[in-house]
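Before any comments, here is the structure.
The values are calculated or read from the model by the stated rules, or taken from the named source; none is laboratory data. Bear in mind the structure is a predicted one, so any value in this text is a computation, not a measurement. Here Cβ is always computed from backbone atoms with ideal geometry, including for glycine, and neighbour counts include all displayed protein chains. Keep in mind that these areas ignore ligands, DNA and RNA; they rest on the heavy atoms of the full protein, side chains included. Shrake-Rupley method; radii C 1.70, N 1.55, O 1.52, S 1.80 Å.
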Number of protein chains: 2
Amino acid sequence: MARITMADVAKAAGVSKSTVSQFLNQRYEYMSEETRKKIELEVKRLGYQPNFVARSLKQKRTAMVGVIMANIMHRFSTEVSRAIEDYCNINNVHVILCNADDNPHKEKKYIDMLLLRQVDGLIVFPTGENVETYQKLVDERYPVIFMDRKVTAVDIPAIMVNNKASTYQVIEHFIANQHKRIAILTEPLTISTRKSRLEGYRESMTAHGLTNYQDLIISAPIDSLLAHLEQIFQAEQPPTALLAGNDLVFLEVLKFVKTEQLKIGVDFSLAVFDNLPFADLLDPAITTIAQPSYQMGQQAAKLLLKRINNKNEKITDSIHECELIIRGSSNRYWA
Amino acid sequence: MARITMADVAKAAGVSKSTVSQFLNQRYEYMSEETRKKIELEVKRLGYQPNFVARSLKQKRTAMVGVIMANIMHRFSTEVSRAIEDYCNINNVHVILCNADDNPHKEKKYIDMLLLRQVDGLIVFPTGENVETYQKLVDERYPVIFMDRKVTAVDIPAIMVNNKASTYQVIEHFIANQHKRIAILTEPLTISTRKSRLEGYRESMTAHGLTNYQDLIISAPIDSLLAHLEQIFQAEQPPTALLAGNDLVFLEVLKFVKTEQLKIGVDFSLAVFDNLPFADLLDPAITTIAQPSYQMGQQAAKLLLKRINNKNEKITDSIHECELIIRGSSNRYWA
DNA sequence: TTGTAGGCGTTATCAA
DNA sequence: TTGATAACGCCTACAA
């Protein structure tokens with residue numbers, strides 16, 4: 001392992017460590033051509049590799065950022081993380097990826113650990129449950145960006161999508177197709193994203209005179225969704241359209257469909273708020289609200305690195321537009 | 001951040017840095033109850049946090065491992081990485097996750113970077129194209145484990161599945177259902193995994209007297225698979241069964257099916273060598289060869305950490321069994 | 001039982 | 001133009 005140090009190079013080249021350091025940091029300005037050559041040669045010959053840890057200690061900068069993702073099994077998180085990683089690596093910043101499983105304890109543990117490791121900044125899909133910890137970051141002027149979710153209690157910029165408007169739009173799409181019993185299916189309302197989506201749902205329903213939707217809102221942990229679906233579809237007036245809150249919820253809908261031998265697009269219309277790589281390939285194809293995950297990740301990384309390099313950089317919330325892609329699962333006129 | 005140092009604690013407690021260090025490393029043996037208490041108090045009061053970077057520099061150990069995954073868009077990689085992360089984090093080791101996109105240049109760059117960062121060990125899904133770099137790791141006795149793929153040119157232990165036997169088995173399953181024209185569809189044969197699967201295919205076909213399979217082997221980059229499928233299905237004797245080499249290949253098959261308006265399980269039988277979270281939920285359900293990704297990741301992490309803690313630990317290749325799960329896409333008798 | 005001193009490999013400051 | 005020298009924060013002999 002990198003056991004050749006600057007001192008070795010210095011000795012071999014017959015100069016001092018400082019000079020080698022100058023050389024390595026491309027400060028040739030006041031360096032004779034001769035010494036430059038000498039050092040260059042020895043660096044190559046000895047196969048010198050700088051020691052990042054030592055440099056980090058001195059510079060108080062690690063060229064690493066931490067990403068705490070919501071759930072690695074969630075496609076959106078994966079896509080965003082990948083974008084972050086791509087951007088960072090181009091800029092020679094390494095990413096430590098942590099999977100919090102939407103668990104506040106894990107989240108806190110990871111934030112603390114990453115700080116101890118002196119990562120230069122953090123991108124977090126916040127659970128929202130660690131306000132104290134978030135606030136500490138703000139107080140220390142630590143570079144942090146929230147992804148996908150806003151935590152209003154704390155002044156940290158967030159990169160999100162227009163959850164409310166997009167949901168409003170897809171509900172309107174259902175209504176335009178004459179649906180009246182439209183259900184929304186989501187994981188518990190612990191994060192802003194889900195709340196906003198529900199809000200969009202409510203507003204859209206209300207705006208179109210469909211105020212009787214209380215029993216059509218299902219918000220429950222993933223593993224109980226199936227039971228809720230069974231129940232709601234046994235009601236006197238079962239829903240005719242369904243909005244699945246994300247890809248994991250969608251899988252539950254698939255299970256339900258399978259168990260009950262129903263046909264999507266025939267027995268009820270369906271839209272999914274998320275990116276599904278195979279949305280277009282199923283039969284019927286699935287209507288989705290696609291989130292620009294890659295752009296969001298890139299933007300987060302870009303802003304974070306900027307902020308790291310300039311503590312005064314002011315970052316504000318950023319809202320990305322989703323795209324409603326209507327496909328076979330919801331294109332039937334329901335009259 | 002963490003600007004309280006051991007020196008601060010020492011001063012506040014009226015002891016020396018060494019004593020504080022002793023305390024922090026739980027070496028209370030020769031410490032008076034009194035000083036212990038004093039230090040404990042000050043650590044709490046000042047909110048002291050150890051500096052990992054400084055510790056790493058001194059100890060030449062970072063408590064970080066690097067993972068170079070093949071392709072973050074590939075479900076199997078994701079599942080394995082998650083398992084590695086889970087195991088490592090329980091053991092207070094952090095994971096730097098890098099996505100090589102099956103690109104040898106990226107792979108090499110990442111390996112080099114991770115070494116500069118002095119990660120304690122590496123788990124790599126090797127492209128197989130950087131033998132020189134791999135060999136360097138071996139020469140330095142650097143802890144490395146290969147995942148999913150073997151590189152025969154170099155003596156690094158690999159954790160794999162029984163690719164050949166599993167493929168043999170699924171082909172036999174097709175044959176048992178009276179298929180004679182069985183095609184295999186895989187990405188280019190650059191890695192051992194794919195080669196072994198093809199080998200299993202060949203042996204199984206041959207063993208059952210189906211020697212005329214040359215035109216039934218499609219091995220091509222993802223984005224050209226569709227064209228190959230079109231072609232092979234236009235042949236005089238199109239295949240009646242298809243083995244898709246992984247989940248990404250499967251998506252291409254779905255595209256093909258969609259374009260051609262075919263029905264899986266009716267127009268041809270299908271099996272997929274990989275984990276599909278929704279295999280059971282499609283119509284028909286998809287026959288898969290499931291890989292124990294989580295166990296593989298856990299094992300890799302476990303072995304790596306063991307090896308890191310004991311340079312003499314000898315690790316050997318490890319082969320995991322897959323499970324052939326027969327579902328609707330291939331359960332039809334083809335006579 | 002506790003403290004002193006030196007070093008891990010860099011970088012930064014200042015003097016030469 | 002280059003070189004001493006002192007940090008960075010921690011750990012570890014060894015000394016007291």
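Counted by Cβ distance under 12 Å from A:ASP155, the other residues give a net charge of +1, where Lys and Arg count +1 and Asp and Glu count -1. Once backbone amide H atoms are built at 1.01 Å from N, B:ILE96 has B:VAL65, B:GLY66, B:VAL67 as its partners under 5 Å, excluding neighbours fewer than 5 places away on the same chain.
Restricting to Cα pairs below 8 Å that are 6+ residues apart, what does the relative contact order work out to for segment B:6-50? Please round to a whole percent. Relative CO of segment B:6-50 lands at 45 percent. A straight line joining the Cα centroids of segment A:186-224 and segment B:194-224 runs 50 Å. Each label point was placed 7 Å from the Cα along the Cα-to-Cβ direction; for A:GLU236 and B:THR152 their separation is 7.3 nm. Computed with a 1.4 Å probe on the full set of protein chains, the accessible area for B:PHE268 sits at about 0 Å². Over the protein assembly as shown, the hull volume per residue, using the convex hull of the C-alpha atoms, is 194 Å³. Shown are A:MET113, B:MET205, whose ranking by accessible area with a 1.4 Å probe and every protein chain present, most to least, is A:MET113, B:MET205.
Secondary structure note: in chain B, about 10% of the DSSP beta bridges are antiparallel. In a DSSP loop and with at most 11 other Cβ atoms within 10 Å, the chymotrypsin sites (Phe, Trp or Tyr not before Pro) in segment A:1-58 are A:TYR30.
Across segment B:1-155, C-alpha contacts under 8 Å between residues 6 or more apart give a mean separation that, scaled by the residue count, equals a relative contact order of 20 percent. When the listed pairs A:LYS38/A:LYS306; A:LYS180/A:LYS263; A:LYS109/B:LYS60 are checked against a 26 Å cut-off, the alpha-carbon distance exceeds it for A:LYS38/A:LYS306.
For A:THR288, the solvent-accessible surface with a 1.4 Å probe is about 10 Å², rounded to the nearest 10. Going by accessible surface with a 1.4 Å probe and the largest first, B:VAL95, B:VAL131 read B:VAL131, B:VAL95. Heavy-atom accessible area, probed at 1.4 angstrom with all protein chains present, ranks B:HIS208, B:HIS105, A:HIS320 as B:HIS105, B:HIS208, A:HIS320, highest first.
Looking at segment B:200-335 only, what percent of DSSP beta bridges run antiparallel? Nearest 5 please.
25
Normalising the average separation of contacting C-alpha pairs (under 8 angstrom, six or more residues apart) by the number of residues puts the relative contact order of chain B at 17 percent.
Compute the length gained on full extension between A:LYS306 and A:ALA227: take 0.36 nm times their separation in residues and subtract their Cα-Cα distance, giving the result in nm to one decimal.
So the extension gain works out to 23.7 nm.
For the charge dipole of chain B, defined by +1 on Lys and Arg C-beta atoms and -1 on Asp and Glu C-beta atoms about the Cα centroid, which residue among B:PHE256, B:ILE145, B:VAL20 has the Cα displaced farthest towards the positive pole? Value computed over the given set: B:VAL20. Rounded to the nearest 20 debye, the dipole magnitude of the protein assembly as shown is 2900 debye, with +1 charges on Lys and Arg beta carbons, -1 on Asp and Glu beta carbons, and the Cα centre as origin.
A:LYS180 exposes around 130 Å² of accessible area when a 1.4 Å probe is run over every protein chain in place. Over chain A, dividing the summed -39,500 (n - 2.57) contributions of all DSSP H runs of at least 4 residues by the number of residues returns a 222 nm mean residue ellipticity of -14000 deg cm²/dmol.
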